[in-house]
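Reviewing the structure listed below.
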Ligand code: DC
């Protein structure tokens, strides 16, 4: 995968089944509890990702033996509440689950530790947890800014048991961390939650997992939790991690947007028996009208015949999966209003702001408040705009925005950020979706590929990309802006902000019709010059891929099959002898009243072919998987019919039905 960006074509449909990776929240809790327990725990189905790697690294640095035992299994030798290493500096990246729970546990474990993370981790508040720990005698110093990591933890000064108060309205991870740490004190302690407790299902998960490791927390009412005296964690022996319910949300949403009835999208690994709150995401999709089925450890979704509808939902119980609803809203009628999501502002990024900005790029109508987000699709009759999506080093931004590709082609910047919780996300998605078909037609100059491509596109009702016109427009725009054609960075900047509109076989530049201007000899020569500049080609790459829309595309140009659409469903290399091409060009030019000499045209074409084949950027070459179509002895009609036959043989025209939309 290119680490800088991933270009997605418009997707038409989704179906199939995916085995989910292990739950991040359960994996990191289970790792810590197994480390603190007495005895050996074998963990099955542990998530392999950045966040779990941070927790594992930390536990190993604390002297806990963790050994891979094959098939995704890990053997953890518990330290019975006392880490062997009493002094350490731990780096925890941007793993909130690891940072909060280790802060609590290490502050009460009698050692001397420094905890730090990436810059964003140092902007995520932790003061409420530290305040609670101090009530228990913990000795915690802020190393930079009060209330935020990095932290220095020294052995706590003993205190009697009693009651400790913690705020629950910023992050439920403070309460989770505290609860998991309390058994280390050996005393009976009651935690009273001040303020509303958000994301309660995560706290339920913590209590459930503590019970699996032998400690029953007594809950009184909704806000009071008591850990008994002399409680110690004991390994359950084998612990199986269920699939990640937040990760499931992307696939279920894909199903709700684009799986046809009878061919749903199914996730394996979470279902009715799950202990994760995010399984309730399925209820939200059902409210939007999606057809949902749930088994003990699987769920499936498909699109309702009447389409999805917007909803208003308090998302306090599904803060992470709710991001997926924000993008699903692009495919629903009316407005979707997500409320009670203030915690988004202190996650991997300020998710309310990031979401509003990126949804806006797609043409959605968005309203963002302190603790809510309202989303409506573009005005009736308008399609989503293709856009370059920034992901803010936030795995969930990358994953949920991939769903917008059901509405338009997209570029996702920094797709590798999904490694925080789901390194193989895009590979999994790819196995479940069908993209709009693309037919790439390459070939030498004057081979007739333009005419054939345009006719094939028309016959199929597909979009048509004349990539040569983009290079010509770039040359024209550069000239109008006074940028020299040899100035690579200057021309690339012009290409990047090219204000060109293609409509019904005609083209406009900066609001002015430009068909004739770009066909001028001087502009042809400029196009050939600017097309040889790698930065210009790079600047026009997404521009070209943005044509890859439903119901399909015919792309014409010399690098369509190699660089722009290397995975095209059909690649044609269209050629003809130099003599025939010269003759066709001759008729064209004479028809326009331009005096030319046929010998010099042949000579000219031969030289251009040699130059094009030899040039270092995007050389003209027939791809190994391209079909050769030599039109030396063939008319246009015959060539078009030949391509259309291949399209039908390969079933590429079938994607015209079932295009999702609001
Ligand atoms: O096909 P055309 O003559 O309109 O192309 C104009 C110029 O752009 C020509 O010099 C070839 C170049 N070109 C290119 O390098 N890559 C493409 N995909 C299309 C055209």
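The values are calculated or read from the model by the stated rules, or taken from the named source; none is laboratory data. The model shown is predicted, which means the values in this text are computed figures rather than measured ones. Cβ coordinates were reconstructed from backbone atoms using ideal geometry, including for glycine residues, and neighbour counts include every protein chain displayed.
Per-structure values
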quantity: Residue check for residue 323: within 22 Å of the chain's Cα centre (by Cα) and not in a helix (DSSP H, G or I); calculated: no
quantity: Test result for residue 237, in contact with a strand residue (DSSP E or B) (Cβ under 9 Å, 6 or more places away or on another chain), closer than 25 Å to residue 27 by Cα and modelled with pLDDT of 95 or more; calculated: yes
quantity: Residue satisfying all of: in the range 457-470; part of a helix (DSSP H, G or I) and within 16 Å of the ligand (Cβ to nearest atom); farthest from residue 519 (Cα to Cα) among these; calculated: 457
quantity: Residue list for the range 517-544, filter: in contact with a strand residue (DSSP E or B) (Cβ under 9 Å, 6 or more places away or on another chain) and more than 9 Å from the ligand (Cβ to nearest atom); calculated: 517, 541, 542, 543
quantity: Check on residue 477, crowded, with 17+ Cβ neighbours inside 10 Å, within 30 Å of the chain's Cα centre (by Cα) and more than 12 Å from the ligand (Cβ to nearest atom); calculated: no
quantity: Residue within the range 597-618 that is more than 17 Å from residue 445 (Cα to Cα), out of contact with any strand residue (DSSP E or B) (no Cβ under 7 Å at 6 or more places or on another chain) and outside any helix (DSSP H, G or I) present; calculated: yes
quantity: Selection from the range 36-77 of residues that are surrounded by fewer than 21 Cβ atoms within 10 Å (Cβ to Cβ) and assigned to a loop (DSSP other than H, G, I, E, B); calculated: 39, 48, 63, 69, 70, 71, 72
quantity: Whichever residue in the range 428-447 is within 11 Å of the ligand (Cβ to nearest atom) and part of a loop (DSSP other than H, G, I, E, B) and, among such residues, is surrounded by the most Cβ atoms within 10 Å (Cβ to Cβ); calculated: 443
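One line per residue, one yes/no per condition, for (1) more than 33 Å from the chain's Cα centre (by Cα); (2) at pLDDT 95 or above; (3) within 16 Å of the ligand (Cβ to nearest atom):
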position	(1), (2), (3)
450	yes, no, yes
472	yes, yes, yes
502	no, no, yes
515	yes, no, yes
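For every residue, the table says whether it meets (1) surrounded by fewer than 22 Cβ atoms within 10 Å (Cβ to Cβ); (2) out of contact with any helix residue (DSSP H, G or I) (no Cβ under 9 Å at 6 or more places or on another chain); (3) within 25 Å of residue 197 (Cα to Cα).
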residue	(1), (2), (3)
296	yes, yes, no
308	no, no, no
312	yes, yes, yes
322	no, no, yes
326	no, no, yes
330	no, no, no
339	yes, yes, yes
357	yes, yes, no
